[in-house]
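As structure tokens, the structure follows; a few thoughts come after it.
The values are calculated or read from the model by the stated rules, or taken from the named source; none is laboratory data. Predicted model only: the values in this text are computed from it and were never measured. All Cβ positions, glycine included, derive from the backbone under ideal geometry; neighbour counts span all protein chains shown. Ligands, DNA and RNA are excluded from the accessible area calculation, which covers all protein heavy atoms including side chains. Shrake-Rupley method; radii C 1.70, N 1.55, O 1.52, S 1.80 Å.
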Amino acid sequence: MVADGDAAATRPAPSFAMPRTNCFVVVPLALLLVCRDGGLLAAPPRVLVEGVQLERVAAEPDLVTPIGVAFDLQGRLLVVESHTHQRPDDYPGPAGDRLRMLSDSDGDGRLDRWSTFAEGFQQAMNAAVAEDGAVYVVTRRDVHVLRDADGDGVADSDETIIRLVTEAEYPHNGLAGIALAPQFGDAGSNPAGGGMYLGLGENFGFPYQLVGSDGKSVSGRGGVGCIFVCRQDGGGLARYAEGFWNPFSVCLAPHGRVFTVDNDPDASPPCRLLHVVHAGDYGHRWEYGRAGVHPLQAWDGELPGTLPMVCGTGEAPTAVLAHRGWLWVTSWGDYRIERYRLTPRGASFGADREVVVQGDADFRPTGMAVAPDGSLWFADWVDRSYAVHGKGRLWRLTLPADADAPDVPENETETTVRRLAESLTPLPGDGHLSRPVNRRQDVGEAIERLLNSDDPFDRLLAWNVGAERDRLAHGRNRELSPRGRLAELQQAAWSIGRQASTEFSGTWLQTLALKGLADPDPDVRLYAVRLVARYRQELRNQRDAVAALLDGPIPDERYFLAVLGALDWLDGDDAPRHGGIGDGLLARELRNRRRSPELRALALRLISPDHKQLTLATLRTYLESPSLVLQIEAIRTLARQSNPDRHTVLSEIATDVARSDKQRAFAVAGLAAEAAGRQSLLAELAASAPPQTAAEAARVLRLAGLRPAPAEEKPAAEDLAAWNELLAAGGDVDAGERLFFTPAGPQCAACHQHGGRGGRVGPDLARIGRQQTRERIIASILLPGREIAPQYQAWTLLTDDGKSHLGLKLPQGGDNGQESYADPSGRTFTLSSDEIELRSPSAESIMPSGLQQTMSIADLRDLVAFLMSDSESEVDATP
């Protein structure tokens, strides 16, 4: 074991120059368990990328419960060793956390000596090293700067430069993430000049003050995770971006880009890899409930003024760093090391994920750092227990020489913003602009173009150019598009926090809220609704103005739910809504007789079809309503219920000649779940019913295998050109909707939502027709495995009974040793972590392949027509 103090190690850790050869590679199933002293041990983690080598460098007792890691300027490794994270009463370890150092004892190039650089911290999380050699340690409540003036490997000064003043005590939802950068100027007035980025978690919604070394403080409330920027001495503290759950790690990438990983999604998975820009809002507020499902919360840019994720990550990411063209992430909850290749997406990025190392439930990677030789070193908490437990490991990952991913160059927006910033920002030491510009032409037009962009990153980057934006934003005779007005409102709200006068801020808030709620654009109104809810104490008097929005146009279900959520929040008692918020609000709307039939129909569409309020008796009252909109929504709800008695009611509707053809056809689609038992009825309808009903009955019989499929010559799934020609036009939108939701055939709704209905396993497809071309939609149906977003990657799981399972991991809070998955049919299953012997990322999509074999060309044409249609028109649709 590696020695502590001055003694040399009997099994030295590897040097930077000469990697050891006893590396773990892909492990055969037969070697999953190994014996030592008669006991069974978990298998070592497996490397899934050819050429990468993994070796264990150290383990307990040399190192226990490690979190953050960093290399200093001498190439020594510093590791945050936790002894206070949910410390048990009988824990035998030191009273405080330690910053351990692994160094070269004899100059032979090998790190072989453990010592303690500093100790006595409480709830330490991360470490970083500055260009001048200063060592930064971030704890839940403060930031320390440590210096070793005499070079003996022990810190001889400890200065606290940042303090978090709060009553919250939970160890890892306070300060955690840190990234150091070159700096100039005052970070408060020039965020781009900050030399340190800090991540602060939701803090359980407790109010706080973050106080810098110069006495400047920033206050917060409501459980909004933030990233702050300041100088490296702790001065000039300013909020940089917000709307995170817990930005546990922050990194700087080429071209000055900032990235973070959000450590916990609760019921809104996946965890997020985020591109962080100044003044960005990433959608989360803990005060609305930790489940993350409140209609005023956004997880992927769903609400106006919020920014989307780059992509999803594995569960509980604890480190992100940029290295050799990739972003590397440690996933504590999914026991793996991932890397992401960035792909341009407008002014931001998407990413392709590759799992590099996969372990079992006893592999819990935490902090990660790049060694001087380019290898990656990372810590391992080992056990799923949050409490400190006396176990720990340290690993080294050596990459092949050709492992570089291509760097993503500046995109057009970044180039524009950089040039504008250069034209408006004094150089260090200068008191004048670095070059003369025609501001109105060069700056004004560029800012206006970006402000009016559909890309939310464009709009925010435009506002981050410099002080000139303020003059342009308040210039006369300006006409902004709805997107520009949204950006203007968003940035005005952001700047409120900088006002010294509470009275002035309150007056400004009232003005902004009134202006936004009266805007003709629904996105601007919706942003104003979020603003009123956020500043509930100051803007409660705007409650009736928010309620009045329900009497106006309702553009989509998102808008409707957000207004309902805001009213509930304004009328409430400040208690977070931890679950069931949507169904509760919708059930109340269904009971509200003052609401229009159209609004009640919208509430019926969005509520869970098996909600306890939706009895057959209640649905029959909707079927007897004079409102055709409410009638057809009741039929759609019946078709989605699990109550077996619903088939009797659906049969009555399907045979009711007094009802419209469209209503009867939707009832027939709902009978698909009992097609065999209703075969004679369906056959009769197929022969004699009106056109839509007859066609739907015939299709249900065919998809249920009760009638032969038509003989059709179809191209191979890979022949996308032929399919694009076949499906280029035509199709019945209503028939496509019925096919999407029917329990026979493709069963799209088992996993996907559309228009507020359906499952939540896969992505919501309501707006896919706006986001994707017809050709890409066709390709995703025929070849679902060709392009899989990281958050929807399926896993092959081999259990100890010899069975293999294919599943997409589902959300679950915490880590109780049970894992939930969805299979390709949309059904869920649960496995114990201990019974999974082998887990591997699958190249196979969770979405079933071969759909073209079970559906006719007309079916596919109808389905594509439905997905290409404008779902938002459904809010006001009539049968």
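Before moving on, here are some points about what is shown:
- Answer from Pro553, Pro520 - the residue that is exposed (fewer than 15 other Cβ atoms within 10 Å of the Cβ), modelled with pLDDT of 95 or more and assigned to a loop (DSSP other than H, G, I, E, B): Pro520
- Meets criteria (out of contact with any helix residue (DSSP H, G or I) (no Cβ under 8 Å at 6 or more places or on another chain) and modelled with pLDDT of 95 or more) for Ala30: no
- Test: Phe666 is touching a strand residue (DSSP E or B) at 6+ places or on another chain (Cβ under 8 Å), of a type outside the set (Gly, Ala, Ser) and touching a residue at least 12 places away in the same chain (Cβ under 8 Å): no
- Some residue of region 703-713 being of a type in the set (A, V, I, L, M), under 28 Å from Arg600 (Cβ atoms) and either in a helix (DSSP H, G or I) or open to solvent by 60 Å² or more (accessible area, probe 1.4 Å) (or both): no
- Qualifying residue in region 810-827 (condition: among the charged types (D, E, K, R), open to solvent by 40 Å² or more (accessible area, probe 1.4 Å) and under 30 Å from Glu713 (Cβ atoms)): no
- Answer from Pro265, Pro365, Pro317, Pro344 - the residue that is open to solvent by 10 Å² or more (accessible area, probe 1.4 Å), touching a residue at least 12 places away in the same chain (Cβ under 8 Å) and on the phi < 0 side of the Ramachandran plot: Pro344
- Among the conditions (1) assigned to a loop (DSSP other than H, G, I, E, B); (2) in contact (Cβ under 8 Å) with a residue 40 or more places away in the chain; (3) more than 13 Å from the chain's Cα centre (by Cα), Ile227 misses just one, which is (1).
- Condition check for Ala716: touching an Asp or Glu at 6+ places or on another chain (Cβ under 7 Å) and either touching a residue at least 60 places away in the same chain (Cβ under 8 Å) or part of a loop (DSSP other than H, G, I, E, B) (or both): no
- Applying the condition of being over 30 Å from Leu720 (Cβ atoms) and among the charged types (D, E, K, R) to region 828-864 and asking which residue is most open to solvent (accessible area, probe 1.4 Å) yields Asp834.
- Only residues that are closer than 30 Å to Pro344 by Cα and in contact with a Ser or Thr (Cβ under 9 Å, 6 or more places away or on another chain) were counted in region 379-408, giving 4.
- Region 472-508: number of residues that are at pLDDT 75 or above and under 24 Å from Glu448 (Cα atoms): 18
- Index of the failed condition, Arg543 passing every other in (1) open to solvent by less than 10 Å² (accessible area, probe 1.4 Å); (2) in contact with an Asp or Glu (Cβ under 8 Å, 6 or more places away or on another chain); (3) not β-branched (Val, Ile, Thr): (1)
- Against the test of being part of a loop (DSSP other than H, G, I, E, B), at pLDDT below 95, among the hydrophobic types (A, V, I, L, M, F, W, C) and surrounded by 21 or more Cβ atoms within 10 Å (Cβ to Cβ), the options Ala17, Ala13, Ala7 yield a single qualifying residue, Ala13.
- If you go through region 327-338 and pick out every residue that is part of a strand (DSSP E or B) and surrounded by 23 or more Cβ atoms within 10 Å (Cβ to Cβ), you end up with 7.
- Filter result for Thr260 (open to solvent by 10 Å² or more (accessible area, probe 1.4 Å), within 22 Å of Pro365 (Cα to Cα) and either hydroxyl-bearing (Ser, Thr, Tyr) or part of a loop (DSSP other than H, G, I, E, B) (or both)): no
- Between Asp112, Asp106, the distinction of being surrounded by fewer than 20 Cβ atoms within 10 Å (Cβ to Cβ) and acidic (Asp, Glu) belongs to Asp106 only.
- For Gln123, the conditions (1) surrounded by fewer than 22 Cβ atoms within 10 Å (Cβ to Cβ); (2) over 26 Å from Ser375 (Cβ atoms) all hold with the exception of (1).
- Residue match in region 670-684 (condition: under 40 Å from the mean Cα position of the chain (by Cα) and in a loop (DSSP other than H, G, I, E, B)): yes
- Search result, residues across region 840-854 that are polar (S, T, N, Q) and outside any strand (DSSP E or B): Ser842, Ser845, Ser849, Gln852, Gln853, Thr854
- Test for Arg577: is it of a type in the set (Lys, Arg) and assigned to a helix (DSSP H, G or I): no
- Given (1) farther than 17 Å from Glu119 by Cα; (2) crowded, with 21+ Cβ neighbours inside 10 Å, index of the condition Glu60 fails: (2)
- When region 268-289 is filtered for residues that are surrounded by 24 or more Cβ atoms within 10 Å (Cβ to Cβ), out of contact with any Ser or Thr (no Cβ under 7 Å at 6 or more places or on another chain) and in a loop (DSSP other than H, G, I, E, B), the ones remaining, listed by number, are Gly280, His284, Arg285.
- Lone qualifier among Leu798, Leu783 - being modelled with pLDDT of 85 or more and either more than 19 Å from Ser840 (Cβ to Cβ) or in contact with a Cys (Cβ under 7 Å, 6 or more places away or on another chain) (or both): Leu783
- Considering region 80-181, the qualifying strands (runs of 3 or more DSSP E), each wholly inside and each with 1 or more residues that are more than 28 Å from the chain's Cα centre (by Cα), run over 97-103, 113-121, 124-129, 135-139, 142-147, 157-165.
Conditions tested, residue by residue: (1) under 32 Å from the mean Cα position of the chain (by Cα); (2) exposed (fewer than 15 other Cβ atoms within 10 Å of the Cβ); (3) at pLDDT 95 or above.
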{"position": "Trp381", "(1), (2), (3)": "yes, no, yes"}
{"position": "Val388", "(1), (2), (3)": "yes, no, yes"}
{"position": "Lys391", "(1), (2), (3)": "yes, no, yes"}
{"position": "Ala405", "(1), (2), (3)": "yes, no, no"}
{"position": "Pro409", "(1), (2), (3)": "yes, yes, no"}
{"position": "Glu412", "(1), (2), (3)": "yes, yes, no"}
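- The residues of region 780-809 include none that are open to solvent by 50 Å² or more (accessible area, probe 1.4 Å) and touching a His at 6+ places or on another chain (Cβ under 7 Å).
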